[in-house]
1. Of the residues that sit in the range B:199-218 and are under 16 Å from A:VAL41 (Cβ atoms) and within 10 Å of chain A (Cβ to nearest Cβ), which one is most open to solvent (accessible area, probe 1.4 Å)?
2. Given the conditions (1) modelled with pLDDT of 95 or more; (2) over 22 Å from B:LEU89 (Cβ atoms); (3) open to solvent by 80 Å² or more (accessible area, probe 1.4 Å), report the number of the one that B:VAL125 does not fulfil.
3. For the range B:25-70, what are the residues that are farther than 15 Å from B:PHE84 by Cβ, aliphatic (A, V, I, L, M) and in a helix (DSSP H, G or I)?
4. Tell me which of these B:SER112 doesn't satisfy, since it passes every other one: (1) touching a residue at least 24 places away in the same chain (Cβ under 8 Å); (2) in a helix (DSSP H, G or I); (3) surrounded by fewer than 18 Cβ atoms within 10 Å (Cβ to Cβ).
5. Hey, any hits in the range B:29-38 for a residue that's hydrophobic (A, V, I, L, M, F, W, C), exposed (fewer than 14 other Cβ atoms within 10 Å of the Cβ) and touching a Phe, Trp or Tyr at 6+ places or on another chain (Cβ under 9 Å)?
6. Going by the structure shown, is B:ILE150 open to solvent by less than 50 Å² (accessible area, probe 1.4 Å), among the β-branched types (Val, Ile, Thr) and out of contact with any strand residue (DSSP E or B) (no Cβ under 8 Å at 6 or more places or on another chain)?
7. Please enumerate the residues belonging to the range B:148-177 that are part of a loop (DSSP other than H, G, I, E, B) and at pLDDT below 70.
Amino acid sequence: MKNILNIILQMQHTAEMGDAQSTEKFYVVVGVIAVIFIGIVGYLVSIDRKINKLEK
Amino acid sequence: MIKWWKITGVLLVLYALICGLLLPVPNLPILEQSIRNLYYHVPMWFSMLLLLLASMIHGIKYLSTGNIKHDVRSAEYANAGILFGAMGLVTGMIWAKNTWGAFWTNDPKLNSAAIGMLMYLAYTVLRNSIEDEEKRARISAVYNVFSFPIFTVLIFVLPRLTDSLHPGNGGNPGFNSYDLDSRLRMVFYPAVIGWSLIGFWIADLRIRLKNIELKREA
């Protein structure tokens, strides 16, 4: 009996998670964060290259 | 050419940023989805610790060789470490507000971290207050050698001797249940390594700038 209850609870939980994951606009936020990080890294790379030139 | 370890750092952080948001996490009371902060808040402290350790090692190297290049490295690793420590404090405060109900609690872990950060702020003040290059290098290296072990004891030993809200301390088993969770480890470890590499990259940029400055002055 307890096992069945657990299984049902688990199924409900995964269903909820599924709903949460399927809110597609969440991926927009993930994309934005990735773009911001890539932008900052690009800036770091350009500073790195400039210092490289100065060292020569 | 951008060195391989910098690229590795970027890729690991990118992976941790994205997968940290998308992969499933254990559902725990109070923490709920904020458990994902483990991937962002905690790596700040790990990176800070590694940077400060590198700072102390170069302090010791300066004391044994007298080479000013080690002093430059020591100072810049400490600066980058302070930056990551500040990020750790602020992100921790946001997390605390939303799980414990207050930005700051008089928790041993929090107060120790704050004292530790003040010790390193004092280090920068000390450096800036000494004009003579050699004197500054020697005194700040000695200060560094003392402050790193004290800092380590403050944030890792003392909070464990008492009760603390912060996970991993005292009577709080908070993280024990998911410390061993492989889903969390899969993102957490790459995040720690990646952010540390980024921290060393930022320090590396400033070290090289400082070395160019020194060359011009000479």
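The values are calculated or read from the model by the stated rules, or taken from the named source; none is laboratory data. Everything quoted here is computed from the prediction, not taken from an experiment. As a convention, Cβ positions derive from the backbone with ideal geometry for all residues, glycine included, and neighbour counts pool all protein chains shown. Protein only, heavy atoms only, side chains kept; ligands, DNA and RNA dropped before computing areas. Shrake-Rupley method; radii C 1.70, N 1.55, O 1.52, S 1.80 Å.
1. Initial filter on the range B:199-218 (under 16 Å from A:VAL41 (Cβ atoms)): B:199-205.
Cutting the leftovers down to within 10 Å of chain A (Cβ to nearest Cβ) gives us B:201-202, B:204-205.
Numbers: B:TRP201: 2, B:ILE202: 48, B:ASP204: 25, B:LEU205: 11 Å².
The selected residue is B:ILE202.
2. Against the list (1) modelled with pLDDT of 95 or more; (2) over 22 Å from B:LEU89 (Cβ atoms); (3) open to solvent by 80 Å² or more (accessible area, probe 1.4 Å), B:VAL125 comes up short only on (2).
3. B:ILE35, B:LEU38, B:MET56, B:ILE57, B:ILE60, B:LEU63, B:ILE68
4. (3)
5. Filtering the range B:29-38 down to residues hydrophobic (A, V, I, L, M, F, W, C) leaves B:30-31, B:35, B:38.
The next check asks that each one be exposed (fewer than 14 other Cβ atoms within 10 Å of the Cβ); those that pass are B:30.
After this cut, where a residue has to be touching a Phe, Trp or Tyr at 6+ places or on another chain (Cβ under 9 Å) as well, the list is B:30.
Yes, the range B:29-38 has at least one match.
6. Numbers: open to solvent by less than 50 Å² (accessible area, probe 1.4 Å): no; among the β-branched types (Val, Ile, Thr): yes; out of contact with any strand residue (DSSP E or B) (no Cβ under 8 Å at 6 or more places or on another chain): yes.
When the stated conditions are applied, B:ILE150 does not pass them.
7. Step one: filter the range B:148-177 for residues part of a loop (DSSP other than H, G, I, E, B), giving B:162-175.
Matches in the range B:148-177: B:GLY168, B:ASN169, B:GLY170, B:GLY171, B:ASN172, B:PRO173, B:GLY174, B:PHE175.
Okay, residues lined up against (1) hydroxyl-bearing (Ser, Thr, Tyr); (2) within 29 Å of A:ILE47 (Cβ to Cβ); (3) facing another protein chain (nearest Cβ under 9 Å); (4) under 20 Å from the mean Cα position of the chain (by Cα):
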{"position": "B:VAL13", "(1), (2), (3), (4)": "no, yes, yes, yes"}
{"position": "B:LEU17", "(1), (2), (3), (4)": "no, yes, yes, yes"}
{"position": "B:GLY20", "(1), (2), (3), (4)": "no, yes, no, yes"}
{"position": "B:LEU23", "(1), (2), (3), (4)": "no, no, no, no"}
{"position": "B:ARG36", "(1), (2), (3), (4)": "no, no, no, yes"}
